[in-house]
1. Before rounding to the nearest 500, sum -39500 (n - 2.57) across all DSSP H runs of length at least 4 in the chain and divide by the residue total; then give [θ] at 222 nm in deg cm²/dmol.
2. Compute the length gained on full extension between ARG176 and ASN340: take 0.36 nm times their separation in residues and subtract their Cα-Cα distance, giving the result in nm to one decimal.
3. Using Cα centres only, tell me the gap between segment 110-146 and segment 227-302 in whole Å.
4. In nanometres, what is the gap between the two model label sites at THR125 and THR257, each 7 Å from Cα along Cα-to-Cβ?
5. Any idea what the relative contact order of the chain is, in percent, if you count C-alpha pairs under 8 Å spaced at least 6 apart?
6. Which loop GluC sites (Glu not before Pro) in segment 155-227, with loop taken from DSSP, have no more than 14 other Cβ atoms within 10 angstrom of their Cβ?
7. Rounded, prolate or oblate, given the Cα gyration tensor of segment 223-363, with a/c below 1.5 counting as rounded?
8. Label points 7 Å out from Cα along the Cβ direction at ARG313 and LYS234: separation in nm?
Amino acid sequence: MKITDVTLKMFLWDGFDPVVYGPTVRSTATSSEMGLVEISTDEGISGYSFLGASYSSAKADAQRFVDVIRPLLIGENPLERERLHKRMWARHRAATVRALSAADVALWDLAGRAANMPIHALLGTYRHSIPAYISSPAHSAPEHYGEEALSWKERGVTAYKLHVPSPWQCDIEACRAVRRAVGEGYALMLDASWSYDYPTALKVGRALEELGFLWYEDPLGEWEIPNYVKLKQKLDIPLMATELPFAGLETYSVWLTAQATDYLRGGVAFKGGITNAIKTAHLAEAFGMNYEIHHGTNSINNVANLHVAMAIRNCDYFEVVVPEKNNKYGLVQDLEIDRNGLVHAPMGPGLGVEIDFAHIERKKLAVLR
Ligand SMILES: [Mg+2]
């Protein structure tokens, strides 16, 4: 089998609201440009993925995808994913990790379609469902977090994570409001989105311990490994770092050798696709650690992340970011959480979900190649 063409169909995603997920992601946009990646072959089988997010247009990566990634794939055997990943990774600085990751997801989709198997089955299925957690936007008042968490609890969801706006005193108030709303024993997490300095991170961490939170995510900047080491020694609550930087497998080694985090984190969008996500999960397993998967920033990446989660043991939750209209687009039937708070494995070939090609065609802006 040979790759005969690689295209990026740019299309409009509109009709969502401005949203803030903390100090890092603050979007005033109500529309975004997305890219549908299609890798086609001489055997008539194609693989697909999406580039972009509601809060981050694919425009920034599109030209690099076409200029750098596309020529590396044309004429190659799409089933030789490891070789192609290495080939693309050698150019990741020029290509952007997001563009490279989109190509990798499309190659996995193609392989699944060729084998008539879902991606998780190609990887070796471990399970068929996983508990979801709701991952909040930043709210202006503590009680809004409590109300949101309670409404999802009543719909069967078993865990909730806050993205907080800072200052830190308000963040603790928000965490207290959520604990009051959902009661003792409900799984809660805080994502501070790299916003604290060390003394603040320690104070907030101690408050989370009193409130019985499950994990404490990204309190400090993604390069502050010595401060993470100190923080981890002082706190009992497990620390979760490594969602950033936009980078590959090699960035995890220093966190492991420094014992600077209790979990590894990543996903298909920011770290090199399904290929690197699976390697990272297995790396974490060797250290007796969980690999908690970050949401994918678009509907296909979320499905790809779910396939990874179905193929590993060491991930406890699947992240579902709300509001839904900022996070779901382009599929005929997107992932849903059932009444027991579970998300189920797609069972169709490849990604196993139906892309809404007719809608994408209606919203088409350009085809790049
Ligand atoms: Mg996070």
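Read-outs throughout are calculated quantities, based only on the coordinates presented, and are distinct from any laboratory measurement. In this text, all values refer to a predicted model and were calculated from it rather than measured experimentally. Note: ideal-geometry Cβ built from the backbone for every residue, glycine included; neighbour counts use all protein chains shown.
1. Numbers: 14 runs with 137 residues, N = 369.
That comes out to -11000 deg cm²/dmol.
2. On the way: separation 164, 0.36 × 164 = 59.04 nm, distance 2.51 nm.
Working it through step by step, the gained length comes to 56.5 nm.
3. If you average the Cα positions of each part, the centres end up 16 Å apart.
4. Here the answer is 4.0 nm between the modelled labels.
5. Details: 839 pairs, mean separation 78.6, N = 369.
Relative contact order, the chain: 21 percent.
6. Numbers: sites: GLU173, GLU184, GLU209, GLU210, GLU217, GLU222, GLU224; in loops: GLU184, GLU222, GLU224.
Answer in residue order: GLU184.
7. Values: a/c = 2.13, a/b = 2.06, b/c = 1.04.
The shape class here is prolate.
8. That separation, rounded to one decimal, is 3.6 nm.
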